[in-house]
């Protein structure tokens, strides 16, 4: 049960699945208001349910079982988007087979990452450094984006805002991971790979917050100086 925590997003070992559980009864192993986002095979699938439970396998694997919920496959803007209903939906959250020690670069402190003289190891170190710096920046960006998304549109329902929040989180996390890989491979300079993704996220947060503060003005007019908006 330690793999999940109430009110927190948790990733699987391979970053293929993201879990969110609003309420968790540790003693009974029961969970409420569950969201599971799966990105295996480059396809997005989001399962939601009001109730479920944690299942422990004899070999140590842990799974979360969703009861009487819905699964969204694809993206709402695509033609292959589907909404499926299910009685039970089980997905693994912890596997003993994938548990392994962290890579060496993750065990180094910042000084060790910077002072490495070998070019190949140095590139990998800077990729790790980009990831360490990017995580708190990403956390701040997600908090700012979550502020306007927290306001629920009655016509769309509670799950719609959460669906887009999970989608933004997955895109943000994957892009940060992609930047780390590019820097580690020497394809992108460290400083070039560090900022663009975060600038886009903070720009999106700015637009969403402005839209929430003054929804009567068209979104493109909000970005113009006041003197130009009357023209």
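The values are calculated or read from the model by the stated rules, or taken from the named source; none is laboratory data. Computed from a prediction, not measured in an experiment: that's the story for all the values here. Cβ coordinates were reconstructed from backbone atoms using ideal geometry, including for glycine residues, and neighbour counts include every protein chain displayed.
Table for the structure above
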read-out	value
Segment 201-225, subset at pLDDT below 70 and in a helix (DSSP H, G or I), residue farthest from residue 149 (Cα to Cα)	221
Options 208, 194: the member that is touching a helix residue (DSSP H, G or I) at 6+ places or on another chain (Cβ under 9 Å), in contact (Cβ under 8 Å) with a residue 60 or more places away in the chain and closer than 30 Å to residue 50 by Cα	208
Any chance residue 155 is surrounded by fewer than 16 Cβ atoms within 10 Å (Cβ to Cβ), in contact with a helix residue (DSSP H, G or I) (Cβ under 8 Å, 6 or more places away or on another chain) and either closer than 23 Å to residue 76 by Cβ or at pLDDT 90 or above (or both)	no
Single match in 188, 183 (criterion: surrounded by 15 or more Cβ atoms within 10 Å (Cβ to Cβ), without any contact (Cβ under 8 Å) to a residue 12 or more places away in the chain, in contact with a helix residue (DSSP H, G or I) (Cβ under 7 Å, 6 or more places away or on another chain) and assigned by TED's automatic domain parsing to the domain that holds residue 125)	188
Count of residues meeting criterion [modelled with pLDDT of 65 or more and loosely packed, with under 10 Cβ neighbours inside 10 Å] in segment 85-106	2
Sole residue being within 22 Å of residue 22 (Cβ to Cβ), modelled with pLDDT of 80 or more and surrounded by fewer than 14 Cβ atoms within 10 Å (Cβ to Cβ), chosen from 150, 139	139
Qualifying strands (runs of 3 or more DSSP E) (wholly inside segment 1-78; at least 2 residues being crowded, with 19+ Cβ neighbours inside 10 Å and in contact with a strand residue (DSSP E or B) (Cβ under 8 Å, 6 or more places away or on another chain))	17-25, 30-38, 45-56, 62-73
